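One structure below.
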Amino acid sequence: AVWLCRDRLDIGRMTRSDDASFVGLINEAADCETARQLLDGLFGPRRQLHKRVVAYDAGSHPELHAALAGQPYDRLAVAADRLAEGLAGATGLPLPAGSLIIDAPPAEKEIEFRLHVRSRNEQAGGYQWRQLAEVSPVTQSLAHRQFDSLVKQVRLFAPAEVAAAIRKQAGLEEMILEAGRSVGT
């Protein structure tokens, strides 16, 4: 909802607001039905959260993961809207722009080893402190492979009332991949 209203929001006021005024500012800025529905689902009297449709990791879906992981949010939003358009045509479901959310890992790596270990310094005849990644490159390699590639997933979220139907859509993975490719790198 914040993304859909971003051009009408005073970010300075939002960062100084409490919870109630934060929600009020977003509600005031919401000028489209999709944003109002999202806000009502989050802050209204009856919560209606999006449901996860699918999740893809780099190990089992490398092409799809590579196409979407690391993309900035504006491109993911465009890809989600293109996917919504394609799925609406294929399924007949009402999927307006902004109704789907593609969540993908950021470009930055989250695992960093800043652990120092004591190792023998053969040349100086003593010990020295070195970074673990220097002493054991396998440690860093495994962490990035296992965490950044396998744990961090590309996920698709949809309104609860259509999530199951989207999940059953034949060729869904290819449709997501095509939407990701359409926004480029």
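Look through the stretch 102-141, keep the residues that are modelled with pLDDT of 80 or more and part of a loop (DSSP other than H, G, I, E, B), and return whichever of them is farthest from the chain's Cα centre (by Cα).
The selected residue is Pro106.
Determine if the stretch 75-93 includes at least one residue that is free of Cβ contacts under 8 Å to residues at least 12 places away in the same chain, in a loop (DSSP other than H, G, I, E, B) and over 16 Å from Phe157 (Cβ atoms).
Yes, the stretch 75-93 contains a residue that is free of Cβ contacts under 8 Å to residues at least 12 places away in the same chain, in a loop (DSSP other than H, G, I, E, B) and over 16 Å from Phe157 (Cβ atoms).
Restrict the check to the stretch 41-61 and report whether at least one residue is modelled with pLDDT of 95 or more, of a type in the set (A, V, I, L, M) and surrounded by 14 or more Cβ atoms within 10 Å (Cβ to Cβ).
So far as the stretch 41-61 goes, yes, one or more of its residues are modelled with pLDDT of 95 or more, of a type in the set (A, V, I, L, M) and surrounded by 14 or more Cβ atoms within 10 Å (Cβ to Cβ).
So, Ala20, is that one of a type outside the set (Phe, Trp, Tyr), at pLDDT 90 or above, within 17 Å of Leu76 (Cα to Cα) and surrounded by fewer than 16 Cβ atoms within 10 Å (Cβ to Cβ) or not?
no
Within the stretch 152-181, which residues are at positive phi and crowded, with 19+ Cβ neighbours inside 10 Å?
none
Could you list all residues from the stretch 14-55 that are assigned to a loop (DSSP other than H, G, I, E, B), closer than 23 Å to Leu87 by Cβ and either more than 20 Å from the chain's Cα centre (by Cα) or basic (Lys, Arg) (or both)?
Cys32
Is it the case, given these coordinates, that Tyr73 is aromatic (Phe, Trp, Tyr), more than 22 Å from Arg36 (Cβ to Cβ), under 20 Å from the mean Cα position of the chain (by Cα) and modelled with pLDDT of 90 or more?
no
Is it true that some residue in the stretch 100-115 is in contact (Cβ under 8 Å) with a residue 40 or more places away in the chain and within 28 Å of Arg13 (Cβ to Cβ)?
Yes; the residues of the stretch 100-115 include at least one that is in contact (Cβ under 8 Å) with a residue 40 or more places away in the chain and within 28 Å of Arg13 (Cβ to Cβ).
Yes or no: Arg52 under 18 Å from Arg181 (Cα atoms), touching a residue at least 24 places away in the same chain (Cβ under 8 Å) and among the basic types (Lys, Arg)? First the steps, then the outcome.
Values: under 18 Å from Arg181 (Cα atoms): no; touching a residue at least 24 places away in the same chain (Cβ under 8 Å): yes; among the basic types (Lys, Arg): yes.
No.
The values are calculated or read from the model by the stated rules, or taken from the named source; none is laboratory data. If you're wondering where the values come from, they're calculated on a predicted model, not measured in any experiment. Reconstructed Cβ throughout: ideal geometry from the backbone, glycine too, with neighbour counts over all protein chains shown.
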